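A quick write-up on the structure given underneath.
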Ligand SMILES: [Zn+2]
């Protein structure tokens with residue numbers, strides 16, 4: 001029994017009824033969402049979107065890293081994205097403390113040393129969201145063709161609110 005067998009079996013069932021062949025890779029709703037890797041966020045469902053609608057970039061905490069900016073540039077320049085949603089959420093592990101706290105939790109849990117890793121954890125979610133929105137707004141390859149907003153998703157109510165207009 002392989003570690004991924006259950007998932008491959010699930011996928012065989014999925015592919016049997018798959019009916020979206022030949023779709024191009026453009027974001028037909030012009031949307032790119034950057035959000036956390038958290039298991040409670042079903043990105044397309046919370047926005048009422050489906051196949052072919054949106055690009056999604058998932059990072060720890062929904063933070064905008066260098067590779068995230070690269071993804072935004074590709075999406076805006078090549079894939080038709082015109083709206084970028086920088087999205088954080090409630091009860092996020094990456095907002096439960098700073099990097100030192102995350103590193104300590106890892107040490108406490110497994111004994112592993114993650115002290116060389118820069119996680120970007122911070123409890124002040126409005127501040128980090130503003131930093132990330134500003135980072136994209138200052139990049140002309142992104143901002144000249146896209147509107148960028150900051151959003152907060154409540155994992156207990158399913159409600160999305162705009163924090164930064
Ligand atoms: Zn999170």
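None of the figures in this text is laboratory data; all of them are computed from the coordinates on show. Here the structure is a predicted model, which is why all the values come from computation and not from measurement. Every residue, glycine as well, gets a Cβ built from its backbone with ideal geometry; the counts of neighbours run over all protein chains shown.
Brief remarks on what is shown
- As a ratio to 2.2 N^0.38 Å, the alpha-carbon radius of gyration for segment 61-148 is 1.27.
- Kirkwood-based Rg to Rh ratio, the chain, C-alpha trace: 1.01
- Each part reduced to its alpha carbon centroid, segment 1-26 and segment 116-163 end up 31 Å apart.
- Descending Cα extents along the principal axes, segment 6-54, whole Å: 31, 29, 15
- Counting every other Cβ atom within 10 Å of each residue's Cβ, 119, 51 order from fewest to most as 51, 119.
- When 99, 6, 19, 38 are sorted by how many other C-beta atoms sit within 10 angstrom of their C-beta, beginning with the fewest, the order is 19, 6, 99, 38.
- Directionally averaged projected area (convex hull, Cα atoms, segment 14-104), nm²: 7.4
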